[in-house]
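Following: one structure in structure tokens, then a few remarks.
The values are calculated or read from the model by the stated rules, or taken from the named source; none is laboratory data. Computed from a predicted model, the values in this text were never measured in an experiment. Here the Cβ positions follow ideal geometry from the backbone for every residue, glycine too, while neighbour counts run over all protein chains shown. With ligands, DNA and RNA removed, areas are computed over all heavy atoms of the protein, side chains included. Shrake-Rupley method; radii C 1.70, N 1.55, O 1.52, S 1.80 Å.
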Amino acid sequence: MASATVHRMQIEALDVLRTVVRHGSITAAAQELRYTQSAVSRQIAALEAEFGVVLFDRLPRGVTLTEEGRHLLPHVEAVLDRLITARRELDALRGLGGGRLRVGA
């Protein structure tokens, strides 16, 4: 169970990263995600510690990706997009939109 919690937290941190990139601002990302600014900053700091790199240059009016951040971003987007696709497929299987139908005669 602890492993699932860690993975969920990492996925949330990846989503936070993508949201900060989209807005160019930790404050704006926090508002969209309904987190505090410090919570967003902590998640970014945790990712930076995990990867051992600085992902953002902190500027007086927002943030920009570092070279390392620019290299990581396509992977983050691919992971999050794959998870969204997987959730949609699983939702379709639970409904009438997918699955297998076996007919015997």
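Here residue 98 fulfils each of the conditions (1) touching a helix residue (DSSP H, G or I) at 6+ places or on another chain (Cβ under 6 Å); (2) at pLDDT below 95; (3) open to solvent by 60 Å² or more (accessible area, probe 1.4 Å) apart from (3). Residues in the stretch 6-29 that are open to solvent by less than 50 Å² (accessible area, probe 1.4 Å) and over 21 Å from residue 79 (Cα atoms): 25, 26, 28.
For residue 103, the criteria (1) part of a loop (DSSP other than H, G, I, E, B); (2) within 18 Å of residue 12 (Cβ to Cβ); (3) open to solvent by 100 Å² or more (accessible area, probe 1.4 Å) hold in every case but one, which is (2).
Select from the stretch 66-87 the residues that are within 22 Å of residue 55 (Cα to Cα) and among the β-branched types (Val, Ile, Thr) and list them in ascending order. Result: 66, 76, 79. The residues of the stretch 44-72 that are in contact with a Leu (Cβ under 8 Å, 6 or more places away or on another chain), open to solvent by less than 40 Å² (accessible area, probe 1.4 Å), in contact (Cβ under 8 Å) with a residue 12 or more places away in the chain and not in a loop (DSSP other than H, G, I, E, B), listed by number, are 44, 47, 56, 65, 69, 72. Any chance you could count how many residues in the stretch 33-63 are aromatic (Phe, Trp, Tyr) and modelled with pLDDT of 95 or more? So the answer is 2. Taking the criterion of being under 15 Å from the mean Cα position of the chain (by Cα) and not aliphatic (A, V, I, L, M), the residues of the stretch 25-50 that qualify are 32, 34, 35, 41, 42, 43, 48, 50.
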